[in-house]
Amino acid sequence: MHQNLTSIMPGDSTKLIGMVHVGALPGTPASVLPVAELVKQAVVEAKMIEDAGFDSLIVENMHDSPYVHGDELGPEIVAGMACVCKAVTEAVKIPVGVQILSGGNKHAMSVASAVGGRYIRCENFVFAHVADEGLLERAEAGPLLRYRKSIGAEDVKVFCDIKKKHASHAITGDLSIAEFAHGGEFFGADGFIVTGVTTGMAADLDDVKAVREATKLPVLVGSGVTPESVLALSEYADALIVGSWIKSDGYWKNAVDPKRAAEMVKAGRG
């Protein structure tokens, strides 16, 4: 286990990170509930994830689709996520990460810094690509790390997707996944997240292995983890992010199922 991950999640075994998918926030197309109710739901699911034995959790606004990107995100999203994340960090003892879709990396950094979050997930840290939100032509590393420095949040780690899901990477098709890792490490990433092509799709084991061999930074797997895949992935990954599988019927839009969460932890602990 790499030191800059053990500082967040102590221990030598591969870590399990559960996902809390916050209900649709105010102003987004699927929004129904007020923030106070979204907070209650998130806290309940966070406690389920902790009680099941997960090492950490990430709070994410995945129900806000279709997403706007970066500077288009409104202050209501930051305010809502701050309320949710503050309540979650107070309700659980395990480390909490933050992701704000889409490309809300400064937004997530500010929330994590304010509420005691330990890390954020950044999908477009290095290189341009075409996502379902459109062309993401600017790498986030330079502006994001300068922003982190300016608000004194250097203790908030940035874990970066390599070839983020729900995106085309044809314009960087001449770069191997190892070269993506080299670029991210050079630009100051704190760790890398390897995913499948869409939510719930398994990451390619060869991709995970290639990133592991390319960097000394922590390697995380960010989609499609199942109890059956934990052992193989753990050979190369420092942490496994689990969202879809621990939900009822294995579908990310559903609520966390405590039995499935406990089954995942049992598989992860061998």
What length, rounded to one decimal in nm, is gained on full extension from LYS253 through to ILE171, with 0.36 nm per residue of separation minus their alpha-carbon distance? 26.4 nm
Counting other Cβ atoms within 10 Å of each Cβ, which GluC sites (Glu not before Pro) in the stretch 91-165 have at most 11 and sit in a DSSP loop? GLU137, GLU154
Most fluctuating of GLY183, GLY80, GLY222 in the GNM of the chain (C-alpha, under 10 Å) is GLY183
May I ask you to derive the FRET efficiency for GLU213 and GLN3 from their Cβ-Cβ distance with R0 = 25 Å, giving the value to the nearest 0.05? 0.85
The answer for the chain, counting only DSSP H helices whose Cα atoms cover 20 angstrom or more along the axis and whose Kyte-Doolittle average is 1.0 or greater, is 75-91
Distance between Cα centroids, the stretch 62-136 to the stretch 231-263: provide it in whole Å. 20 Å
With only Lys, Arg, Asp and Glu charged, each at its Cβ (+1 for the first two, -1 for the last two), find how big the charge dipole of the chain is about the Cα centre; round to the nearest 20 debye. 560 debye
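Only the coordinates and a few stated rules stand behind these numbers; no lab work does. Just so it is clear, the structure is predicted and the values come from calculations on it, not from any experiment. Cβ atoms come from the backbone with ideal geometry, glycine included; neighbour counts cover every protein chain shown.
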